[in-house]
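The values are calculated or read from the model by the stated rules, or taken from the named source; none is laboratory data. Everything numeric here is computed off the predicted structure, so don't read it as measured data. FYI the Cβ positions are ideal-geometry reconstructions off the backbone, even for glycines, and counts take in every protein chain you see.
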Amino acid sequence: MPIDLSIPTTATMVLWVEDTVTRDYLRAVWKNFPSIAFRLGGGNDGVRAIVKAFEEEGHRNVFGLIDRDFQPSNQAGWSDPAKTFRTFVLPVHEIENYLLDASALQASRYQNRDFDSDAIEERMRTTAANLCWWASCRDVIAELKRRFREPFVPDPRQSVIDEATAQAHICQSAWFLKLASEAGRSAEADIRILLTEAHAVANLHLADGTWRQDFAGKEILRNVAGWMCDRTVMPRFPPRDQDFYSDLAKGVGAWQADNGFIPHALTELRAALEARIAPPSPLP
């Protein structure tokens, strides 16, 4: 994906996001606050790297927003003036979780099979229930990645000057020293325990409604959107899935903005972004 690294002079701030669905949804949900220019970073790592580069060049009005995925959110520090991070991590699994809004989906022009919001809500919950083991498997894989990758061996310093110091840099690293123990405990029986625990957590999310924040929103949205929309009867249907989901996201965001249902975290995020670039208060 071509990446536009320009900074528009007409915008108060630039927000780098992962994909077009995020960009188009936020543009719609924040349509009454046009001071933010959006740029696409091509994924989680791309956004982080681009924002870091702009920060090192001294650009104070450049920020990033990424999905939480399997990492912790930093929402607790969004409004803390002592925090200096410039990449914000959502409190939901991914941006599509905010599109799991039955009333907004029911009002969408792509809802052309006459389903009411209750039917859409039930479809979302049923889809989430069918994803419990899938979600559990993903969670365990993420845990295994953490075990075997973190903290990975850092890049060497210039003090690595020969074979001995090169080997010591690797073999004395925290990652290498814990590798044998991690391999030893990640046996089949341990995987079974991890899966059982993850499935129990998934069922709790299903019971208390937090599946809407913690399950993979993209999979649920795709299932529901394909069910509620008959694409064959739409004369001007976008030719690509990417266009369809971006257009759906625009409609959901606009409906939430018009009806006062903007997710609270996104209202907090916008305020935090504006506070980061606000001029300092005058001295008394």
Exercise for the section: Could you please let me know if L273 is assigned to a helix (DSSP H, G or I), farther than 30 Å from G64 by Cβ and not polar (S, T, N, Q)? Expected result: no
Exercise for the section: Evaluate the stretch 239-246: report whether one residue or more is within 22 Å of the chain's Cα centre (by Cα), outside any loop (DSSP other than H, G, I, E, B) and hydrophobic (A, V, I, L, M, F, W, C). Expected result: yes
Practice task
Considering each of F85, F70 in turn, give the residue that is of a type in the set (F, W, Y), assigned to a loop (DSSP other than H, G, I, E, B), farther than 16 Å from V224 by Cβ and touching a residue at least 12 places away in the same chain (Cβ under 8 Å).
Solution key: F70
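Per-residue answers, yes or no, for (1) of a type outside the set (D, E); (2) under 17 Å from the mean Cα position of the chain (by Cα); (3) farther than 30 Å from P235 by Cα:
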| site | (1), (2), (3) |
| --- | --- |
| A49 | yes, yes, yes |
| S73 | yes, yes, yes |
| P81 | yes, no, yes |
| R86 | yes, yes, yes |
| R113 | yes, no, no |
Problem - The listed residue being of a type in the set (A, V, I, L, M), within 23 Å of Q71 (Cβ to Cβ) and modelled with pLDDT of 95 or more, out of A207, A174, A225, A198 - result: A198
Problem - Subset tally (residues that are basic (K, R), farther than 14 Å from Q213 by Cα and over 19 Å from the mean Cα position of the chain (by Cα)) for the stretch 115-139 - result: 1
Exercise for the section: Under 8 Å between Cβ atoms, at least 6 apart or on separate chains: pull out the pairs that start in the stretch 165-193 with a residue that is more than 20 Å from A142 (Cβ to Cβ) and end on any residue that is exposed (fewer than 11 other Cβ atoms within 10 Å of the Cβ) and of a type in the set (S, T, Y). Expected result: T165/S159
Handout entry: Matching entry among S117, S103, S108 (being under 16 Å from I220 (Cα atoms), among the polar types (S, T, N, Q), surrounded by 14 or more Cβ atoms within 10 Å (Cβ to Cβ) and touching a residue at least 40 places away in the same chain (Cβ under 8 Å))
Key = S103
Completion exercise
Condition set over 30 Å from the mean Cα position of the chain (by Cα) and among the polar types (S, T, N, Q), scope the stretch 171-193, selection surrounded by the most Cβ atoms within 10 Å (Cβ to Cβ): answer is S173
Problem - Scope the stretch 206-219; condition free of Cβ contacts under 8 Å to residues at least 40 places away in the same chain and either buried (at least 16 other Cβ atoms within 10 Å of the Cβ) or of a type outside the set (A, V, I, L, M, F, W, C) (or both); matching residues - result: D208, G209, T210
Problem - Every residue from the stretch 25-67 that is small (G, A, S), assigned to a loop (DSSP other than H, G, I, E, B) and either in contact (Cβ under 8 Å) with a residue 12 or more places away in the chain or surrounded by 17 or more Cβ atoms within 10 Å (Cβ to Cβ) (or both) - result: S35, G41, G42, G43
